[in-house]
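Just so you know, all these numbers are worked out from the coordinates, no wet-lab data involved. Please read these numbers as outputs of a predicted model, since none were measured by experiment. Here the Cβ is made from the backbone with ideal geometry for all residues, glycine too, and neighbour counts use every protein chain on show.
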Amino acid sequence: MTMPLRRLPRTAAATLVTLAALTTAAHSAVAADTLGSAAAGQGRYFGTAVAANHLGEADYTATLDREFTSATPENEMKWDATEPGRGTFTFGAADRVVDHARSRGADVRGHTLVWHSQLPSWVGALGAPDLRAAMNTHINGLMGHYKGQIHSWDVVNEAFQDGGSGARRSSPFQDRLGDGFIEEAFRTARAADPAAKLCYNDYNTDGVNAKSNAVHAMVKDFKSRGVPIDCVGFQSHFNSASPVPADYRQNLQRFADLGVDVQITELDIEGSGSAQAAAYTRVVEACLAVARCTGITVWGVTDKYSWRSGGTPLLFDGDYRKKPAYDAVLAALGGSGDPDGPGDPGGPAVTCTAAYTRTADWSSGYNGQVTITAGAAPVSSWTATVTVPAPQSVSSVWNGTPSRAGDVMTVRPSWNGTLAAGTSTTFGFTVVKNGSSAAPTVGGCTAS
Ligand code: G2I
């Protein structure tokens with residue numbers, strides 16, 4: 001995992017790439033042809049869950065080391081793995097993941113300190129005073145062992161219920177210590193390793209809904225009272241029953257607006273081919289459109305070891321071949337595969353991203369705006385799709401030329417097709433709500 005641009009902010013990384021391209025004929029030496037290097041060009045990390053027991057498999061580690069700049073131990077840091085008996089800490093498997101990643105210059109996300117699952121039975125048997133002490137001892141034990149080595153910790157994981165209640169989930173911590181256990185865990189964590197970013201991590205919080213509203217309210221309260229929290233993780237486990245929400249980017253943005261970083265922490269999307277690729281593109285574009293979205297982690301290297309391998313949700317197939325979803329993610333990150341391949345002129349791939357915002361809203365309608373941003377190469381034309389949910393209808397479009405097929409509106413440039421690398425243009429549209437205020441889905445941008 002040699003990632004020379006990994007820690008540079010977006011503009012510095014872009015400048016470096018430009019300078020290097022000007023001063024060397026060997027442009028391919030700086031081409032962003034891996035997930036990690038392309039994300040670094042955007043000032044982000046690109047990580048994966050890592051399982052210690054696969055590190056001996058040559059193809060697994062080769063793919064891991066080549067593509068990813070961050071590693072999250074998939075199970076090795078959980079309570080049952082690290083403190084199976086009270087006060088007995090076992091770090092062997094987690095150390096193997098941390099040492100492997102750090103020796104190659106990758107960051108490590110710590111996952112996870114306080115969670116109701118994979119919790120040894122002795123924890124659940126404790127009364128309140130002992131449980132509080134055990135929780136703090138566990139946090140101090142892990143964070144002390146890895147002090148200075150962890151980029152971000154998932155301090156508390158999945159503490160809210162699914163569904164519309166917005167309530168906390170029943171767990172030994174919640175049931176015996178009450179709502180305050182989350183705050184206490186974060187305060188203990190800050191003292192244990194002040195350099196680590198402290199995250200709250202959850203699933204089904206990826207769009208605006210009752211559960212994410214409850215997490216948002218908690219983070220807002222923490223920020224207002226000075227409870228230490230630096231980031232919110234959005235697990236982003238998607239499939240056809242739980243697709244990428246239409247308001248995914250807006251949801252990330254509203255958390256960022258509270259003054260925390262947002263991270264996509266366990267991304268996987270069941271499916272295959274172009275549909276899977278398009279869904280991955282939307283996630284990457286959403287992260288790139290939110291300045292405080294600092295990185296993306298996919299929940300595994302290869303489909304064959306995924307926790308839901310039957311759904312083939314990852315970027316590499318069981319033989320470590322790049323899937324269409326891989327190519328889409330790399331392109332959305334502004335990278336380019338096979339820079340020296342036949343017919344390839346050698347420059348960066350021509351790509352664009354599309355980011356949506358609602359710019360005006362009134363009782364019977366709203367205005368939407370899509371910002372088209374060119375990737376690392378100049379763009380001479382682009383297309384983007386906007387799907388407004390029934391019963392809404394689009395009544396006008398400006399700075400773009402629409403064509404419609406059913407609910408899907410494809411927009412091409414009017415006068416604004418030509419974009420220099422990294423620059424943006426916008427188009428806008430007015431929607432008649434017909435009773436629904438739901439957000440439209442803005443599809444992947446394609447550029448030529
Ligand atoms: O369930 C998906 C993820 C949801 N968010 C939190 C993550 O920590 C969680 O990860 C999964 C792992 O990917 C699985 O690998 O967490 C599962 C357990 O809740 C993990 O599964 C467990 C199996 O249930 C165990 O039987 C097995 O011993 O993995 C263990 C280690 O392979």
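I'd like the FRET efficiency for Lys147 and Ala390, computed as 1/(1 + (r/R0)^6) with the beta carbon distance as r and R0 of 41 Å, rounded to 0.05. Spell out each step's value before the answer.
Details: r = 54 Å, r/R0 = 1.31.
Efficiency computed from Cβ-Cβ geometry: 0.15.
Once the Cβ-Cβ distance of Ala438 and Arg66 is raised to the sixth power relative to R0 = 30 Å, the FRET efficiency obtained is 0.15. Within the shell defined by Cβ-Cβ distances under 12 Å, the residues around Gly92 carry a net charge of -2, with Lys and Arg each +1 and Asp and Glu each -1. Amide hydrogen proximity for Ser381: with H placed 1.01 Å from N in the peptide plane, the residues at 5 or more positions away or on another chain lying under 5 Å are Ser448. Taking every Cα-Cα distance in region 73-210 and sorting them into 10 Å bins from zero, the calculated P(r) comes out as 12, 43, 34, 11, 1 percent. Here is the list for region 253-340: trypsin sites (Lys or Arg not before Pro) lying in DSSP coil, each with at most 16 other C-beta atoms within 10 angstrom of its C-beta, are Arg308, Arg321. Rounded to the nearest 10 degrees, the inclination of helix 10-23 to the longest alpha-carbon principal axis of the chain is 60 degrees. Distance between the C-alpha centres of region 74-141 and region 163-208: 15 Å, rounded to the whole angstrom. Kirkwood analysis of the Cα pair distances in region 291-448 returns a hydrodynamic radius of 17.6 Å.
When both bridge partners sit in the chain, DSSP labels roughly 55% of those beta bridges antiparallel. Convex hull volume of the Cα atoms of region 111-162, normalised per residue: 91 Å³.
Quick one: angle between helix 210-225 and the longest Cα principal axis of the chain, in degrees between 0 and 90, rounded to 10, please. Between helix and principal axis, roughly 70 degrees. What fraction of the DSSP beta bridges in region 234-318 is antiparallel, stated in percent and rounded to the nearest 5? For region 234-318, the DSSP antiparallel bridge percentage is about 10.
The spread of Cα positions in region 141-246, taken along each principal axis and listed from longest to shortest, comes to 40, 29, 27 Å.
How tilted is helix 180-192 with respect to the longest principal axis of the chain? Cα atoms for both, answer in degrees (0 to 90, nearest 10). For 180-192 against the chain, the angle is about 90 degrees.
Take every DSSP beta bridge whose two residues both sit in region 109-231, then give the antiparallel share in percent to the nearest 5.
Numbers: 1 of 11 bridges.
Given both bridge residues lie in region 109-231, the antiparallel proportion sits at roughly 10 percent.
Evaluate the relative contact order of region 289-448 (contact order divided by residue number), counting alpha-carbon pairs under 8 angstrom at least 6 apart; express in whole percent. Before the final figure, lay out each step's value.
On the way: 339 pairs, mean separation 35.4, N = 160.
For region 289-448, the relative contact order is 22 percent.
Rounded to whole numbers, the Karplus 3J(HN,Hα) couplings from phi for region 233-247 are x, 10, 5, 6, 8, 10, 7, 5, 7, 9, x, 4, x, 4, 9 Hz, using 6.51 cos²θ - 1.76 cosθ + 1.60 with θ = phi - 60°, and x at Gly and Pro. In order along region 56-65, the phi-based Karplus estimate (6.51 cos²θ - 1.76 cosθ + 1.60, θ = phi - 60°) of 3J(HN,Hα) comes to x, 8, 4, 5, 5, 5, 5, 5, 4, 5 Hz; Gly and Pro are listed as x.
Taking R0 as 22 Å, what's the FRET efficiency between Ala210 and Arg308 from their Cβ-Cβ distance, rounded to 0.05?
Numbers: r = 25 Å, r/R0 = 1.13.
Given R0 = 22 Å and the Cβ-Cβ separation, E is 0.35.
No cysteine of the chain lacks a disulfide-compatible partner when judged by a Cβ distance under 4.7 Å.
Using the Karplus relation 6.51 cos²θ - 1.76 cosθ + 1.60 with θ = phi - 60°, the per-residue 3J(HN,Hα) values for region 109-122 come to 9, x, 9, 8, 8, 10, 8, 6, 9, 6, 10, x, 5, 5 Hz, with x marking Gly and Pro. A viscosity of 0.692 mPa s and a temperature of 37 °C, combined with the Kirkwood radius over Cα pairs in Stokes-Einstein, give a translational diffusion coefficient for the chain of 144 µm²/s. Spin-label pair Ala128-Asp361: with each label point 7 Å from Cα along the Cα-Cβ axis, the two points sit 4.0 nm from one another.
Shape annotation for region 237-304: C-alpha extents along the principal axes are 37, 24, 18 Å, from largest to smallest.
When the Kirkwood hydrodynamic radius is evaluated over all pairs of different C-alpha atoms of region 191-328, what value in angstrom, to one decimal, is obtained? Intermediate results must be reported in sequence, preceding the final value.
On the way: mean 1/r = 0.0645 Å⁻¹.
Final number for the Kirkwood radius of region 191-328 is 15.5 Å.
Contact order for the chain, expressed relative to its length and based on alpha carbon pairs under 8 Å spaced 6+ residues apart, stands at 13 percent.
For n ≥ 4 DSSP H runs only, could you compute -39500 (n - 2.57) per run for the chain, divide by its residues and tell me the 222 nm figure to the nearest 500? Working shown, then result.
Numbers: 13 runs with 139 residues, N = 448.
It comes out at -9500 deg cm²/dmol, rounded to the nearest 500.
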